[in-house]
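Visitor: Take this structure first; my questions come after.
The values are calculated or read from the model by the stated rules, or taken from the named source; none is laboratory data. Predicted model, so just to flag it, every value in this text is computed and none were measured. Glycine gets a Cβ as well: all are built from the backbone with ideal geometry, and neighbour counts include every protein chain shown. The area values use the complete protein model at the heavy-atom level, side chains included, leaving out ligands, DNA and RNA. Shrake-Rupley method; radii C 1.70, N 1.55, O 1.52, S 1.80 Å.
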Amino acid sequence: IMGLKKVKKTSDDLGWLVQDPEHEKKVERFEDLFGNNDTIALLVESKDVFDPDVLKMVKNIGAELLDKVPYADTLTSITDVDITRGTEEGMEIFHPFEDGIPTDKKEIEEVKNLLLSRGTVRNKLVSSDCTECWVVLSLHPFPPEEEWQKEYDKPPMNRAGEAAIAIVTDPKWQNEKYTIKPVGLPYTETEEDIVMPKETGKTVLVSFIIMVILLIIFAMSVRGVLVAIIASSVGIMVVFGLQGHMGITIESNMMTLPVLLALALSVGYSIHLLNSFKHYFYITGKRKESVIQSIEETGWPLFFTVVTTVVSVLSFLTTSLEPIRWVGLSCAMSVMAVYLYTAILLPIVMTFGKDKKIESKVENTQEVSKITQTMDEQAEGAQVKNGQEREPVSKAPTNKLFHKIDERFANFGKKVIKRRVILLVSFILIFLACIPGLLKMDVRMNSMTFMGTRIPYIKRIFEVTQSQLGSYFNYNVMITFHKDGDAKNPENLKKVEELESVIASFDNTKKNEGIAKVFSIVSVIKEMNQTFNGDDASYYKIPENQGALAELLFFYENSDSFTQWVDEEYRTVRIRAEVQEFDSKNLAVTISKLREEGKRIFPNADVFLVGAAVNFADLNEHIVFGELYSFIFSIVAIAVL
């Protein structure tokens, strides 16, 4: 138990990811070029987000996030965005609110109209009705674990999340003119780390109370209740203490499972042993002999149950997912610990106390064995000796509740045997009827249904996903051509545009008024081309002439957002798509289609998908097949046993 002081807990989603070295290399390359996959985003809702007070808040909170959040890289919002506009010389890139928020309504109205005229802003950073705006903080890549552990005891994601939470929840941002709803994995995962221990505590407490109530009802023994509580509580502490000594990191989001299993099994084991003891004690009145006989009767069945349960949960070790493997190991250790404490402590405790006198003694133990061989003889309360029927062993105890229950189950057993054929056929037919339903079953993860919107931060995430602009998270497509400068080729950029259209067609891509929240250098170039040609909407396209394209890119290289979408060698292009909601199965279908389309559109380039949405889509497949293999292994192992 002293090992509990050494316990290390984690809720890092990286443990769920199964990645090969080649995948990790590409992720590192993406982060070197374009920064972190994860972002922190704020949905600002107001009657008019172009109200000077709202604009000041957006600019100030953005500046504070950039200044105080660890690993902060760049900020994108309506007050911090690159906008192109035509000039006498041709075109310029400027920041509308670089010099601060103006107080003149006319000046604000001009900027508002300019922003809403840009495809990279309208319904992407600000809704067309100006009631919502989107603030996105991009992050630098997080350092590897061996580096950050030298200075900090918390992962970089949590450090960034905690800093952002402290900023956003500051009372100074509370105002009746607007509401701020934050999302993004660093933010929400940190909130989950705060919420889950409380929710886990509630679950375990309720389960513990139910366990005690069940023991009181079915065990009808103070000692039995106390031993079951000790067995489950101490067993759990021993298991986690051993893991602390062994340096095993505990999955905090999954630790409820072995705890609940330990509570449930302590009830089952205790009731089996107690009822068997009471059965013999009722007949003999002798404690020690009754304990020995109860262990003789229940010892092997209970032990076999333990072994098969341990083998079943250890089958989780066949998966490649670390959290599932930890659950399997912890559940197996919990089952064995609870069994050992129950099987050893309960018999010892029940031997203390006085023997009980019975009204009519049984003359030898062989006759006791005969009495207990069949439930029918016990229910009738008769003892058979030398072929003659005698008076019941004890008239007083026959009215006891547990004896009446035994009689009921004995009668139930008789009825089952009498109807064994029809019952067997019925069960087979019911099983066969269920098989089509098994084939329709699917596995999917969805925080909204898994945790429920009664949890405040989950409710907020749901509200954000239902808004015009808000999304849960995003993913990125990295397209790497064979040669430097290939991204300057108009034909290649048209292919990027085609892949953008594919992404926009997916149901779970965030859209507003039919405009998908998909970002890349393509939309920037089309917007610049339109601006360069007198804001003529017919020029909102990629220039056919490579010289004209090169001229636009020359202007774009001077903007702050240049390296967000293309590398300096013009070899690698990035597309970012925002996801409407988190449903792992739908994501898996989307990502699979996107990979197929990527290969079709870019047969001579490398198309790589990266981001939280991609990770969870791949995870869904690993869970389905990992659990299937575990299930098959478990069935085979139990059959062998």
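Visitor: Filter region 427-458 down to residues that are of a type outside the set (A, V, I, L, M, F, W, C) and closer than 30 Å to THR169 by Cα and give me whichever is most open to solvent (accessible area, probe 1.4 Å). Step through it out loud before you land on a result.
Guide: Going residue by residue through region 427-458, those that are of a type outside the set (A, V, I, L, M, F, W, C) are 436-437, 440, 442, 444, 446-447, 449, 452-454, 456-457.
Filter again for closer than 30 Å to THR169 by Cα, leaving 446-447, 449, 452-454, 456-457.
On the way: ASN446: 28, SER447: 20, THR449: 113, GLY452: 19, THR453: 65, ARG454: 231, PRO456: 102, TYR457: 13 Å².
Here the answer is ARG454.
Visitor: On to the next question. I'd like the full set of residues that are among the charged types (D, E, K, R) and not in a helix (DSSP H, G or I), limited to region 514-568.
Guide: LYS517, ASP535, ASP536, LYS541, GLU544, GLU557, ASP560, ASP567, GLU568
Visitor: Also: Evaluate the following for VAL524: is it at pLDDT 85 or above and surrounded by 21 or more Cβ atoms within 10 Å (Cβ to Cβ)? Before the answer, list the steps.
Guide: Details: at pLDDT 85 or above: yes; surrounded by 21 or more Cβ atoms within 10 Å (Cβ to Cβ): yes.
Against the criterion (at pLDDT 85 or above and surrounded by 21 or more Cβ atoms within 10 Å (Cβ to Cβ)), VAL524 qualifies.
Visitor: If we keep just the residues of region 69-105 that are more than 25 Å from GLU527 (Cα to Cα) and more than 44 Å from the chain's Cα centre (by Cα), which is most open to solvent (accessible area, probe 1.4 Å)?
Guide: LYS105
Visitor: Something else: Which pairs do you get when a residue that is at negative phi, found in region 597-619, comes within reach of a residue that is of a type in the set (Val, Ile, Thr) and not in a strand (DSSP E or B), reach meaning Cβ atoms under 6 angstrom, with the pair 6+ apart or on two chains?
Guide: GLU597/VAL502; VAL610/VAL27; VAL614/ILE591; ALA617/ILE591
Visitor: Sticking with this one: Within the group VAL624, VAL614, VAL589, which residue is assigned to a helix (DSSP H, G or I), open to solvent by 60 Å² or more (accessible area, probe 1.4 Å) and not small (Gly, Ala, Ser)? Lay out the reasoning, then the answer.
Guide: Numbers: VAL624 fails: open to solvent by 60 Å² or more (accessible area, probe 1.4 Å); VAL614 fails: open to solvent by 60 Å² or more (accessible area, probe 1.4 Å).
Of VAL624, VAL614, VAL589, the one residue that is assigned to a helix (DSSP H, G or I), open to solvent by 60 Å² or more (accessible area, probe 1.4 Å) and not small (Gly, Ala, Ser) is VAL589.
Visitor: Select from region 213-232 the residues that are surrounded by 15 or more Cβ atoms within 10 Å (Cβ to Cβ) and more than 17 Å from VAL349 (Cα to Cα) and list them in ascending order.
Guide: LEU214, PHE218
Visitor: For region 412-426, give me each residue that is among the basic types (Lys, Arg) and open to solvent by 100 Å² or more (accessible area, probe 1.4 Å).
Guide: Going through region 412-426, the residues among the basic types (Lys, Arg) turn out to be 414-415, 418-420.
LYS415, LYS418, ARG419, ARG420, listed by residue number.
Visitor: Considering only residues of region 146-165 that are touching a helix residue (DSSP H, G or I) at 6+ places or on another chain (Cβ under 9 Å), part of a helix (DSSP H, G or I) and free of Cβ contacts under 8 Å to residues at least 60 places away in the same chain, which is farthest from ALA63 (Cα to Cα)? Even if it seems obvious, please write down each step before you answer.
Guide: Residues of region 146-165 touching a helix residue (DSSP H, G or I) at 6+ places or on another chain (Cβ under 9 Å): 148, 152, 154-165.
From what is left, the residues that are part of a helix (DSSP H, G or I) are 148, 156-165.
Filter once more, so that each one left must be free of Cβ contacts under 8 Å to residues at least 60 places away in the same chain: 148, 158, 162, 165.
Working: TRP148: 25, ASN158: 20, GLU162: 17, ILE165: 15 Å.
In this case the residue turns out to be TRP148.
Visitor: Which is farther than 30 Å from ALA637 by Cα, in contact with a Pro (Cβ under 9 Å, 6 or more places away or on another chain), modelled with pLDDT under 90 and surrounded by fewer than 20 Cβ atoms within 10 Å (Cβ to Cβ), of GLU389, GLU380, GLU363?
Guide: On the way: GLU389 fails: in contact with a Pro (Cβ under 9 Å, 6 or more places away or on another chain); GLU363 fails: in contact with a Pro (Cβ under 9 Å, 6 or more places away or on another chain).
Unique residue meeting the criteria: GLU380.
Visitor: Any idea which residue in region 138-165 is nearest to THR249 (Cα to Cα), counting only those that are under 24 Å from the mean Cα position of the chain (by Cα) and polar (S, T, N, Q)?
Guide: Residue satisfying both the conditions and the ranking: ASN158.
Visitor: Right, another one. All but one of (1) open to solvent by less than 60 Å² (accessible area, probe 1.4 Å); (2) at pLDDT 90 or above hold for MET237, so report the exception by its number.
Guide: The number of the failed condition is (1).
Visitor: Moving on. Take the residues of region 173-187 that are outside any strand (DSSP E or B) and touching a strand residue (DSSP E or B) at 6+ places or on another chain (Cβ under 7 Å): which is surrounded by the most Cβ atoms within 10 Å (Cβ to Cβ)? Show your work before the answer.
Guide: Within region 173-187, the subset outside any strand (DSSP E or B) is 173-174, 176-177, 184-187.
Next, only the ones that are touching a strand residue (DSSP E or B) at 6+ places or on another chain (Cβ under 7 Å) stay: 173, 177, 184-187.
On the way: TRP173: 16, LYS177: 13, GLY184: 26, LEU185: 22, PRO186: 30, TYR187: 27.
Going through the qualifying residues, I end up with PRO186.
Visitor: Name every residue in region 31-63 that is assigned to a strand (DSSP E or B) and either open to solvent by less than 10 Å² (accessible area, probe 1.4 Å) or closer than 26 Å to GLU176 by Cβ (or both), in order of residue number. Please lay out each step first, then the result.
Guide: Residues of region 31-63 assigned to a strand (DSSP E or B): 39-46.
Once the filter is applied, which keeps residues that are assigned to a strand (DSSP E or B) and either open to solvent by less than 10 Å² (accessible area, probe 1.4 Å) or closer than 26 Å to GLU176 by Cβ (or both), region 31-63 yields ILE40, ALA41, LEU42, LEU43, VAL44, GLU45, SER46.
Visitor: I would also like to ask the following. Test each condition in (1) assigned to a loop (DSSP other than H, G, I, E, B); (2) of a type in the set (D, E, K, R); (3) in contact with a His (Cβ under 9 Å, 6 or more places away or on another chain) for ASP73 and report the one that comes out false.
Guide: (1)
Visitor: Select from region 274-310 the residues that are of a type in the set (A, V, I, L, M) and modelled with pLDDT of 90 or more and write down the one among them that is most open to solvent (accessible area, probe 1.4 Å). Explain how you work it out, then say what you get.
Guide: First, the residues of region 274-310 that are of a type in the set (A, V, I, L, M): 274, 283, 291-292, 295, 302, 306-307, 310.
Filter once more, keeping what is modelled with pLDDT of 90 or more: 291-292, 295, 302, 306-307, 310.
On the way: VAL291: 10, ILE292: 113, ILE295: 71, LEU302: 14, VAL306: 0, VAL307: 37, VAL310: 20 Å².
The extreme case among them is ILE292.
Visitor: Being surrounded by fewer than 22 Cβ atoms within 10 Å (Cβ to Cβ), in a helix (DSSP H, G or I) and in contact with a Lys or Arg (Cβ under 9 Å, 6 or more places away or on another chain) is true for just one of LEU114, LEU66. Which residue is that?
Guide: LEU114
Visitor: Also, I was wondering about something else. Every residue in region 590-632 that is under 17 Å from ARG325 (Cβ atoms) and among the polar types (S, T, N, Q), please.
Guide: SER630, the sole residue that qualifies.
Visitor: Against the definition (surrounded by fewer than 18 Cβ atoms within 10 Å (Cβ to Cβ) and in contact with a Lys or Arg (Cβ under 8 Å, 6 or more places away or on another chain)), how does GLN546 come out, yes or no?
Guide: On the way: surrounded by fewer than 18 Cβ atoms within 10 Å (Cβ to Cβ): yes; in contact with a Lys or Arg (Cβ under 8 Å, 6 or more places away or on another chain): yes.
Yes, satisfied.
Visitor: Which one of the conditions (1) within 22 Å of SER252 (Cα to Cα); (2) touching a residue at least 12 places away in the same chain (Cβ under 8 Å); (3) not polar (S, T, N, Q) does VAL168 fail to meet, given that it meets all the rest?
Guide: Only one criterion in (1) within 22 Å of SER252 (Cα to Cα); (2) touching a residue at least 12 places away in the same chain (Cβ under 8 Å); (3) not polar (S, T, N, Q) is unmet by VAL168, namely (1).
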